[in-house]
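Q: This is the structure I want to talk about, given as structure tokens.
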Amino acid sequence: MESLLQHLDRFSELLAVSRTAHVRTWDPVTVRRALQWARYLRHIHRRFGRHGPIRTALERRLHNQWRQEGGFGRGPVPGLANFQALGHCDVLLSLRLLENQALGDAARHHLVQQLFPGPGVPDADEETLQESLARLARCGSAVHMLRFNGYRKNLNLQEDSLMKTQAELLLERLQEVGKAEAEGPARFLSSLWERLPQNNFLKVIAVALLQPPLSPRPQEESEPSIHKTPGEGSQALVHWLLGNSEVFAAFCRALPAGLLTLVTSRHPALSPVYLGLLTDWGQRLHYDLQKGIWVGTESQDVPWEELHNRFQSLCQAPPPLKDKVLTALETCKAQDGDFEVPGLSIWTDLLLALRSGAFRKRQVLGLSPGLSSV
Amino acid sequence: MAQDSVDLSCDYQFWMQKLSVWDQASTLETQQDTCVHLARFQEFLRKMYEALKEMDSNTIFERFPTIDQLLAKACWNPFILAYVDESQKILIWCLCCLINKEPQNSRQSKLNSWVQGVLSHILSALRFDKEVALFTQGLGYAPIDYYPSLLKNMVLSLASELRENHLNGFNTQRRMTPERLASLSRVCVPLITLPDVDPLVEALLVCHGHEPQEILQPEFFEAVNEAVLLKKISLPMSAVVCLWLRHLPSLEKAMLHLFEKLISSERNCLRRIECFIKDSSLPQAACHPAIFRVVDEMFRCALLETDGAPEIIATIQVFTQCFVEALEKENKQLRFALKTYFPYTSPSLAMVLLQDPQDVPRGRWLQTLKHISELLREAVEDQTHGSRGGPLESWFLFIHFGGWAEMVAEQLLRSAAEPPAALLWLLAFYYSPRDGRQQRAQTMVQVKAVLGHLLAMSRSSSLSARDLQTAAGQGTETDPRAPAQQLIRHLLLNFMLWAPGCHTIARDVITLMAHTAEITHEIIGFLDQTLYRWDRLGIESPRSGKLARELLKELRTQV
């Protein structure tokens with residue numbers, strides 16, 4: 001077992017080096033040996049995929065390595081990130097070497113020969129490296145074709161394929177990190193927040209929160225201890241959002257009203273904080289008598305339209321969220337003095353606007369005008 | 001060898017030019033042209049590889065100085081690079097041939113570097129949105145981790161967009177423009193045999209959109225059809241039916257493909273024919289009347305061109321049987337009126353013919369045949385109907401249903417009573433539809449006489465082949481291929497298989513009968529068909545079956 005772990009360590013180092021200019025010193029023998037190691041580890045992955053203790057030990061080792069090497073959200077991973085990556089570590093190594101122009105002539109020639117020996121007898125047992133690489137090329141060029149000739153961004157973010165894929169990856173990673181250490185996800189997410197383009201990250205979080213529960217990936221060997229309880233990843237996300245008010249504020253500000261409504265409906269823990277934020281935003285606005293509208297004092301204040309939009313969207317959500325929102329609005333209105341006349345309390349005006357909007361909607365739909373809920 | 005290399009040089013020039021025009025295939029025309037040439041270009045690449053792998057890098061450049069440009073252009077054309085068959089591998093192998101084992105100067109070294117770069121490009125063909133790339137890297141994922149699920153998500157998303165477009169006709173905001181649909185269908189052409197893309201191909205076929213004319217590109221239909229015929233793609237039946245309904249040339253090609261297989265397979269083996277036919281999915285597709293009509297028309301043409309060849313008739317019969325079986329299963333969902341399949345036939349006739357003899361009690365077979373005969377005779381002799389074709393049309397209809405058509409002779413032989421005129425008429429009509437009234441009447445008389453003789457002989461215990469032949473009125477100078485002769489031959493064979501006294505003289509009878517190779521084939525066909533039918537209906541007597549099988553085997557070795 002110990003030798004296996006050492007092997008793993010050494011290979012991870014190798015993988016890290018394969019990206020650097022250090023490969024200039026590599027000769028054909030080194031290349032061959034590196035590929036052999038990779039093949040060996042791939043074999044290990046196949047053999048011990050179902051073997052609980054060994055797999056767990058390997059996973060733990062890799063996870064620690066990943067954290068220590070400063071990966072973990074801080075940048076591209078030098079080594080292997082998890083057990084699954086072992087399954088194609090030979091492809092990873094091959095690609096890195098192929099991309100590395102520092103490779104010497106002899107080493108390069110040998111590499112290419114090893115990777116692409118030409119048409120021959122396929123291995124009955126497992127896919128050859130050549131086949132794996134060809135398959136990757138096929139997949140990649142198919143994605144490229146669809147991306148640039150067929151894809152159109154879906155306005156419903158949660159249905160957009162790019163967003164969905166990123167969300168799936170995030171959830172998967174969170175699940176792994178959560179298994180390795182209890183505080184893992186929170187720290188991981190925080191470091192991602194600092195590191196990655198934030199706008200995109202927020203969208204991915206929203207989409208991730210709307211994903212149906214994950215089912216186990218088909219190629220992974222199923223194993224009782226890994227069996228995923230659906231929603232672990234989303235729980236970690238909710239927990240983190242609730243614990244980071246600045247992030248959550250950005251989250252609510254950046255994302256469209258409809259999306260936020262869906263997220264809040266699905267994760268009720270978020271609704272009090274969201275409503276709290278909306279209330280805060282509302283209270284910053286004052287009524288401009290001349291223009292006859294509610295305005296903010298500073299440029300970053302949320303304008304009336306946006307506030308109204310969000311409340312309107314929330315009121316179209318199914319109960320209990322809808323009821324909570326209305327109750328909150330009524331409460332705020334009461335606290336302000338329970339005015340019925342516009343221009344005195346923003347809550348009054350919001351409720352009036354929401355009601356008339358609902359009335360108009362009912363008219364358009366041919367429904368009888370009723371006061372029922374709104 | 002020298003000729004090959006000249007050919008290769010010519011091809012090289014041709015493809016070099018093409019690739020230059022196509023560039024990165026960003027316009028509609030270049031995309032279409034690329035799609036049409038994908039398979040041929042791959043063939044050329046394969047040939048190039050075979051040539052290149054025998055040479056070293058320097059020789060290659062002497063021979064093909066612009067080879068690097070050719071390969072680069074190919075790699076930067078996304079349609080060529082994505083072509084699922086084996087484009088990627090072959091391009092990679094060709095590029096590998098360019099690498100100089102021991103570079104002598106910096107130029108050669110640079111070339112090696114360049115090849116490495118192109119290889120790297122092929123394998124990570126995507127420089128994605130910066131944000132997505134940053135995100136996935138930040139999570140510690142490499143493309144190989146997520147490309148498969150990204151592809152899956154994109155395919156499913158496009159497929160559901162298509163479905164929504166199909167269903168939400170009136171919501172013009174969410175409509176897919178015709179240009180986008182056409183573009184999608186072009187994009188699928190290189191990817192057709194990639195299993196991950198199946199849902200998208202299916203959605204394109206099944207979701208019609210709302211334009212009155214066909215939007216999808218013909219290259220798309222051709223590529224899908226080709227993949228379906230060669231079994232390189234697995235699509236549900238509904239998608240295949242849509243393909244054939246939307247693109248008639250594909251349906252025709254599927255039929256021709258079937259014909260080719262039938263022609264090149266062993267002659268006179270109905271079991272194999274049945275396999276091929278079922279395999280082609282055409283019987284199920286034919287449950288849709290439009291497809292049935294086209295298929296039937298092609299069968300009719302084949303029949304006319306071969307002047308009523310028995311093999312074609314047998315094929316039509318097997319096809320119809322498979323079709324009826326498929327119709328039974330299908331009929332839970334759709335029901336088309338019989339008239340849509342057989343517009344020129346009276347519904348009562350169609351209904352009777354479509355009955356499977358298995359579903360009719362044996363005792364009623366004679367009655368059913370008489371009924372069929374009456375209805376057919378009515379159709380044939382009624383000239384004022386205005387229906388097209390006259391007797392030939394009715395005959396063409398009748399021959400579809402081998403279960404009944406082949407049963408007439410048997411029924412006549414089995415009954416000791418006076419042969420019913422209706423059956424005599426039917427038999428005569430089956431074998432020679434073109435006869436005038438008088439001719440047919442004559443044939444009926446002839447047949448009746450033969451039947452009488454045969455009946456008499458069936459009671460005697462010792463027979464000789466010659467006796468049989470005389471009874472049948474054979475051995476005269478008449479043309480052995482004349483339909484009446486064929487009819488009599490078949491009657492004789494039928495009798496021979498069934499009558500107990502004849503089993504010993506069977507071989508003699510056949511020897512006397514089969515004086516040309518053509519007739520031998522005809523007899524083989526008859527035996528094969530009879531056994532096939534007996535198997536289906538389960539009406540074989542063990543002795544007759546055994547005899548027939550033995551005879552069939554012997555005759556097959558003779559030809």
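Q: Considering only residues that are assigned to a helix (DSSP H, G or I), surrounded by fewer than 19 Cβ atoms within 10 Å (Cβ to Cβ) and touching a residue at least 12 places away in the same chain (Cβ under 8 Å), which ones fall in region B:535-551?
A: Within region B:535-551, B:ARG536, B:LEU537, B:ARG543, B:GLY545, B:ARG549 qualify.
Let's see how each residue does on (1) part of a helix (DSSP H, G or I); (2) at the interface with chain B (Cβ under 7 Å from one of its Cβ atoms); (3) of a type outside the set (A, V, I, L, M):
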site	(1), (2), (3)
A:GLN114	yes, no, yes
A:PRO119	no, no, yes
A:SER132	yes, no, yes
A:SER141	yes, yes, yes
A:ARG152	no, no, yes
A:MET163	yes, no, no
A:GLU168	yes, yes, yes
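Q: Counting only residues that are more than 7 Å from chain A (Cβ to nearest Cβ), open to solvent by less than 30 Å² (accessible area, probe 1.4 Å) and in contact with a Lys or Arg (Cβ under 9 Å, 6 or more places away or on another chain), how many does region B:152-166 have?
A: Residues in region B:152-166 being more than 7 Å from chain A (Cβ to nearest Cβ), open to solvent by less than 30 Å² (accessible area, probe 1.4 Å) and in contact with a Lys or Arg (Cβ under 9 Å, 6 or more places away or on another chain): 1 in total.
Q: Right, something else. From A:ARG61, A:ARG50, A:ARG32, grab the single residue that is surrounded by 14 or more Cβ atoms within 10 Å (Cβ to Cβ) and closer than 29 Å to A:PRO185 by Cβ.
A: A:ARG61
Q: Related question: Write out, first by first residue and then by second, each pair whose Cβ atoms fall under 8 Å of each other, whose residues are 6+ apart or on separate chains, and whose first residue, in region A:186-202, is charged (D, E, K, R) while the second is part of a helix (DSSP H, G or I).
A: Listed pairs, sorted by first residue: A:ARG195/B:GLY138.
Q: For region A:132-173, how many residues are among the basic types (Lys, Arg) and either closer than 22 Å to B:PRO178 by Cβ or open to solvent by less than 20 Å² (accessible area, probe 1.4 Å) (or both)?
A: 4
Q: Does any residue in region B:237-263 that is over 16 Å from B:PRO289 (Cβ atoms) and among the hydrophobic types (A, V, I, L, M, F, W, C) come within less than 6 Å, Cβ to Cβ, of a residue that is open to solvent by less than 20 Å² (accessible area, probe 1.4 Å) and part of a helix (DSSP H, G or I) six or more places away or on a different chain, and which pairs are these?
A: Listed pairs, sorted by first residue: B:ALA239/B:LEU205; B:LEU243/B:LEU205; B:LEU243/B:VAL224; B:LEU243/B:SER250.
Q: A further question follows. What helices (runs of 4 or more DSSP H) lie completely within region B:12-126 and have 2 or more residues being among the polar types (S, T, N, Q) and buried (at least 19 other Cβ atoms within 10 Å of the Cβ)?
A: B:28-52, B:87-98, B:106-123
Q: State all residues of region B:72-91 that are touching a helix residue (DSSP H, G or I) at 6+ places or on another chain (Cβ under 6 Å) and either aromatic (Phe, Trp, Tyr) or within 7 Å of another protein chain (Cβ to nearest Cβ) (or both); if no residue qualifies, say none.
A: Result: B:PRO78, B:PHE79, B:LEU81, B:ALA82, B:TYR83, B:VAL84, B:GLN88, B:LYS89.
Q: Just one of the numbered conditions (1) modelled with pLDDT under 80; (2) open to solvent by less than 10 Å² (accessible area, probe 1.4 Å); (3) in a helix (DSSP H, G or I) is not true of A:GLY73; which one?
A: (3)
Q: When the residues of region A:274-311 are filtered to those that are open to solvent by 60 Å² or more (accessible area, probe 1.4 Å) and of a type in the set (A, V, I, L, M), which remaining residue is farthest from A:LEU351 (Cα to Cα)?
A: A:LEU289
Q: From B:SER149, B:SER185, which residue is in contact with a Phe, Trp or Tyr (Cβ under 6 Å, 6 or more places away or on another chain) and within 12 Å of chain A (Cβ to nearest Cβ)?
A: Selected residue: B:SER185, the only one of B:SER149, B:SER185 that is in contact with a Phe, Trp or Tyr (Cβ under 6 Å, 6 or more places away or on another chain) and within 12 Å of chain A (Cβ to nearest Cβ).
Q: Quick check, is A:LEU98 more than 9 Å from chain B (Cβ to nearest Cβ), modelled with pLDDT of 80 or more and buried (at least 23 other Cβ atoms within 10 Å of the Cβ)?
A: It is false that A:LEU98 is more than 9 Å from chain B (Cβ to nearest Cβ), modelled with pLDDT of 80 or more and buried (at least 23 other Cβ atoms within 10 Å of the Cβ).
Q: So if I check each of A:THR264, A:THR297, which one is under 27 Å from A:GLU183 (Cβ atoms) and assigned by the TED database to the domain that holds A:ALA328?
A: A:THR264
Q: Please state which of the following conditions B:CYS322 fails to meet, knowing it meets all the rest: (1) surrounded by fewer than 20 Cβ atoms within 10 Å (Cβ to Cβ); (2) over 19 Å from the mean Cα position of the chain (by Cα); (3) at pLDDT 90 or above; (4) among the hydrophobic types (A, V, I, L, M, F, W, C).
A: Condition not satisfied by B:CYS322: (2).
Q: Report yes if some residue within region A:264-287 is in contact with a His (Cβ under 9 Å, 6 or more places away or on another chain) and hydroxyl-bearing (Ser, Thr, Tyr); otherwise report no.
A: no
Q: Which count do you get for residues in region B:102-114 that are without any contact (Cβ under 8 Å) to a residue 40 or more places away in the chain and closer than 29 Å to B:ASP145 by Cβ?
A: 1
Q: On to the next question. So which of B:LYS101, B:LYS110 ends up being within 8 Å of chain A (Cβ to nearest Cβ) and under 28 Å from B:LEU45 (Cβ atoms)?
A: Exactly one residue qualifies, and that residue is B:LYS101.
Q: Can you confirm whether region A:176-183 contains a residue that is open to solvent by less than 10 Å² (accessible area, probe 1.4 Å), assigned to a helix (DSSP H, G or I), of a type outside the set (Ser, Thr, Tyr) and outside the structural domain of A:ARG60 (by the TED database)?
A: yes
The values are calculated or read from the model by the stated rules, or taken from the named source; none is laboratory data. Just so it is clear, the model here is predicted, and its values are computed rather than measured. Virtual Cβ from ideal backbone geometry, glycine too; neighbours counted across all protein chains shown. These accessible areas exclude ligands, DNA and RNA; they are computed on the full protein's heavy atoms, side chains included. Shrake-Rupley method; radii C 1.70, N 1.55, O 1.52, S 1.80 Å.
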